[in-house]
1. Pairs LYS183/LYS244; LYS141/LYS280; LYS308/LYS419: which are spaced more than 25 Å apart, C-alpha to C-alpha?
2. For CYS7 and LYS417, what does the FRET efficiency come to when R0 = 56 Å and r is the distance between their Cβ atoms, rounded to the nearest 0.05?
3. If you roll a 1.4 Å probe over region 27-183 with all protein chains in place, what percent of the accessible area is carbon or sulfur?
4. Quick one: grab the alpha carbon gyration tensor of region 81-135, order the square roots of its eigenvalues as a ≥ b ≥ c, and give me rounded if a/c is under 1.5, else prolate or oblate depending on whether a/b is larger than b/c.
5. Provide the FRET efficiency to the nearest 0.05 for the SER176-ARG213 pair, computing r from the beta carbons and using R0 = 45 Å.
6. Rolling a 1.4 Å sphere over the protein heavy atoms, what is the accessible area per residue of region 35-116, to the nearest Å²?
7. How far is it, in nm, from the label point at THR201 to the one at ALA131 when both lie 7 Å from their Cα along the line to the Cβ?
8. Using R₀ = 35 Å, calculate the FRET efficiency as 1/(1 + (r/R₀)^6) where r is the Cβ-Cβ separation of GLU153 and VAL226; round to 0.05.
Amino acid sequence: MEVYEGCGRTIVENVLEGYNGTIFAYGQTGSGKTWTMEGQPDDPNLRGITPNAFKHIYERIAIIAEEETRAGCATPSEFLIRAQFLEIYNENVRDLLAVGDDVTKKLRVREEHDKGFVVQGLQQHICRSAADTETILLRGKANRSVGATRMNEESSRSHCIFTVIIETQSVGLDGSPHIRVGKLNLVDLAGSERQSKTGATGDRLTEAININRSLAALGNVISALVERAPHIPYRESQLTRLLKDSLGGNTKTLMIAACGPADYNFDETISTLRYADRAKQIKNKPKINEDPKDAMLRGFKNELDALKLQLAAMGQIVPGMEGVRYSLCCCCCCYVYYYYDYDCCDLERDTHHRVPLFVFVFVSINTYSAAQTRKCRENATRKDDGRSIEMRLTRSLRSSSQKWTPFDHVVRRWVMKKKLNAMRLSKKQRI
């Protein structure tokens, strides 16, 4: 339970928001990977990540429905949850939820342009509750390949991936329904083995060879991603094909390193930790799975929220530049900074009563053309009410003992230029 609260809960929350998430356990055989993922379902304190994730999903859906009912939402969100369960045995993909002889049927893995690697013919079952989902898991677990070795009486002889697909339909910003799809992959990898320790022979030896080969391919993919190699060898194994999105792709991934406590497993423990350290350096690019138009509307909404915060800050002091007030220009979305002459106003008075000497326009958004930017700068006007236009740089800019920002230097050059022009103008007038 503590492992799930510390690691898995965040991944499941993100899946409910529309992201892809993957949780997988890695380590040598007999180190507790399957126990970490499944645990003991009957004991709440010993439940593994998988049953806790099921419970969390449906509890969160119930909370969302209750909040929408309390808020009087006319069109509440709707959820559709599906599950699929597969295993990779001796580099062959099989459907663990198939019936009869179809369990041993080999499925083909194909790569599609918009979906990545997909398994053809893999069954999906609709789930209506946490208990229903656990029943599906137990039914597939009964078909999984398990064998005994010297190190583990119930050693997993295959990699298995249980996937929960959550589709959410809710009302968007435009008032029409929009669909988000989140996918949670719960991966229980078979452990790496040494034949001298496991004593594997015959079929067990063949299984161990294929397990180590697929884990080595997974390590090659991780190393290539960390080193930013031009080619990532995803096609070396069925495991790396199916986990392509989880390694450097559109998924939030959590890796749990399971280590054996025995001293004679010291080398394997060090190898597992190094493996996990390399995997931690991978940079994924997760995003919400939704229609591109919905993503665009979401981006506009975030931008509007940011602009509202800036408008709410109008008239506030820019940190470190006490002589400056700024606001947002409504016509061109640029920052307008107002400089005040402290000799012409009282610091204790409200900012609306201060007399601006000039307006400095600083464009910080790079979505405008050069012509728009030039026009914006041409609109910057100097306001003079006949009082002295001496610029109090020591009061408006940061002190010389502090580090100036690039914006401080730009303002200083602009102010000095204005001061020089004013001195030349007054000199001509005296002549």
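The values are calculated or read from the model by the stated rules, or taken from the named source; none is laboratory data. Just so you know, these numbers come straight off a predicted model, no measurement behind them. Don't worry about glycine lacking a Cβ; one is built from the backbone with ideal geometry, like all the others, and counts go over all protein chains shown. Protein only, heavy atoms only, side chains kept; ligands, DNA and RNA dropped before computing areas. Shrake-Rupley method; radii C 1.70, N 1.55, O 1.52, S 1.80 Å.
1. LYS141/LYS280; LYS308/LYS419
2. It comes to 0.50.
3. 48
4. oblate
5. 0.35
6. Heavy-atom SASA per residue in region 35-116 reads 58 Å².
7. The two pseudo-label positions are separated by 4.8 nm.
8. Given R0 = 35 Å and the Cβ-Cβ separation, E is 0.45.
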